[in-house]
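*Asks:* Take a look at this one; I'll ask things after.
The values are calculated or read from the model by the stated rules, or taken from the named source; none is laboratory data. What you are looking at is a predicted structure, and each value in this text was computed from that prediction instead of being measured. Reconstructed Cβ throughout: ideal geometry from the backbone, glycine too, with neighbour counts over all protein chains shown. Side chains are part of the model used for accessible areas, which takes the heavy atoms of the whole protein and leaves out ligands, DNA and RNA. Shrake-Rupley method; radii C 1.70, N 1.55, O 1.52, S 1.80 Å.
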Amino acid sequence: MKTLFLNFMIAATLIACTSTAPQFDLAAAKKEIETANRALSDYMAKGDSVALASAYSTDGALMLNNMPAVKGKENLITLWGSFINAGMGGLELTTIEVWGDENYITEEGLIVIKAKDGTQLDRGKYLVLWKKENGKWKLHRDISNSDLPLVTP
């Protein structure tokens, strides 16, 4: 009887120690982020500053060269709208690498910015910290910089 009880306790302990929680799937998250990037490109092609701003977390920020960080949905709508009104019409985003967990993922990538007529305006690299918000990956911190030489007067 003692042996049976001991075997039962060992089995129960092994079962209790075995994690049945699903593992975080970084490859699947990367695919979700690449899908979100395609949506961003589509929003830019449509000139939809509201959709572009909605891709950010509730406390998200866009941090570009030569300007303070832009935070808040209305400010993001205004900024993206100003880019669109100035002739920006295309974004090509290429994910290079992602790392993180089920709450935050950092993405390293390449960006090409185009005018509405398809002319390349800029190219560079970016880092985005994505935040899981209401079951969706949202841009939380979005920073990029140009690979083109600085234009001097």
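*Asks:* What is the residue count in the range 126-149 for residues that are in contact with a strand residue (DSSP E or B) (Cβ under 9 Å, 6 or more places away or on another chain) and open to solvent by less than 60 Å² (accessible area, probe 1.4 Å)?
*Replies:* The qualifying residues number 13.
*Asks:* Of the numbered conditions (1) loosely packed, with under 13 Cβ neighbours inside 10 Å; (2) touching a helix residue (DSSP H, G or I) at 6+ places or on another chain (Cβ under 7 Å), Thr152 satisfies every one except a single condition; which is it?
*Replies:* Here Thr152 clears every test but (2).
*Asks:* Suppose we filter Gly87, Gly109 for residues that are at positive phi, open to solvent by less than 30 Å² (accessible area, probe 1.4 Å) and of a type outside the set (Phe, Trp, Tyr); which single one remains?
*Replies:* Sole residue among the options that is at positive phi, open to solvent by less than 30 Å² (accessible area, probe 1.4 Å) and of a type outside the set (Phe, Trp, Tyr): Gly87.
*Asks:* Going through the range 22-74 one residue at a time, which ones are surrounded by fewer than 14 Cβ atoms within 10 Å (Cβ to Cβ), assigned to a loop (DSSP other than H, G, I, E, B), free of Cβ contacts under 8 Å to residues at least 60 places away in the same chain and of a type outside the set (Asp, Glu)?
*Replies:* Answer for the range 22-74, where residues must be surrounded by fewer than 14 Cβ atoms within 10 Å (Cβ to Cβ), assigned to a loop (DSSP other than H, G, I, E, B), free of Cβ contacts under 8 Å to residues at least 60 places away in the same chain and of a type outside the set (Asp, Glu): Pro22, Gln23, Asn66, Met67, Pro68, Ala69.
*Asks:* Count, please, the residues in the range 112-125 that happen to be open to solvent by 20 Å² or more (accessible area, probe 1.4 Å), under 19 Å from the mean Cα position of the chain (by Cα) and not hydrophobic (A, V, I, L, M, F, W, C).
*Replies:* Qualifying residue count, the range 112-125: 2.
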